[in-house]
Amino acid sequence: MSWTYLIAATLFDVIATVYMKQSQGFSKLFPTFIAISTFGASIFLLALALQKLEVVPVYVIWVGLGTALITVLGILIYQEAVSTLKLVSVVLVIAGVIGISLSSTTFH
């Protein structure tokens, strides 16, 4: 169940980031409400995941996977620039997540 909490925490964090962008500096009520509530849900689920899993792989997965997902969404939703460096960097982030996760006793 802890892995489910971690993946859900990551997805809520990504949703919160998208809505924070749409809130335009917290000036729009609905996106602001969604951003704040999903950030809260993300932190709550992260805390549940940390009850059984090690802190380093949990944090690396939460941040790394979230970074990769928000990069893809930024390109798809907000037409942010795509470059070779950006794509290689996302691949390196994912490789780092996998490497740190595999070195953890949580995965053994």
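Throughout, read-outs are computed from the coordinates displayed, never taken from laboratory work. As the structure is a computational prediction, the values presented were derived from the model and not from experiment. As a convention, Cβ positions derive from the backbone with ideal geometry for all residues, glycine included, and neighbour counts pool all protein chains shown.
Counted by neighbouring Cβ atoms within 10 Å, the residues L85, L45 run from fewest to most as L85, L45. Considering every alpha-carbon pair of the chain, the percent of pairs per 5 Å bin, from zero through the bin containing the longest distance, is 2, 13, 19, 20, 19, 14, 9, 3, 1, 0. How high is the FRET efficiency between Y78 and W3 when r is their beta carbon distance and R₀ equals 22 Å, given to the nearest 0.05? Here the calculated transfer efficiency is 0.15.
Quick one, what does Rg over Rh come out to for segment 56-108 if you take C-alpha atoms and the Kirkwood Rh?
Numbers: Rg = 12.6 Å, Rh = 11.7 Å.
Result for segment 56-108 is an Rg/Rh of 1.07.
Applying the Karplus relation 6.51 cos²θ - 1.76 cosθ + 1.60 with θ = phi - 60° to segment 54-67 yields 3J(HN,Hα) values of 6, 5, 5, x, 4, 5, 5, 5, 4, 6, x, 5, x, 4 Hz, where x marks Gly and Pro.
Packing order of peptides 66-75, 93-102, highest average first: 66-75, 93-102 (average count of other Cβ atoms within 10 Å over each peptide's residues).
Over the chain, what is the mean sequence separation of C-alpha contacts under 8 Å (at least six apart), divided by residue count, expressed as relative contact order in percent? Present the calculation step by step, with values, prior to reporting the outcome.
Values: 108 pairs, mean separation 32.1, N = 108.
Worked out over the chain, it gives 30 percent.
Protection proxy ranking, highest mean first, for peptides 29-41, 12-24: 12-24, 29-41, where packing is the per-residue count of other beta-carbon atoms within 10 Å, averaged.
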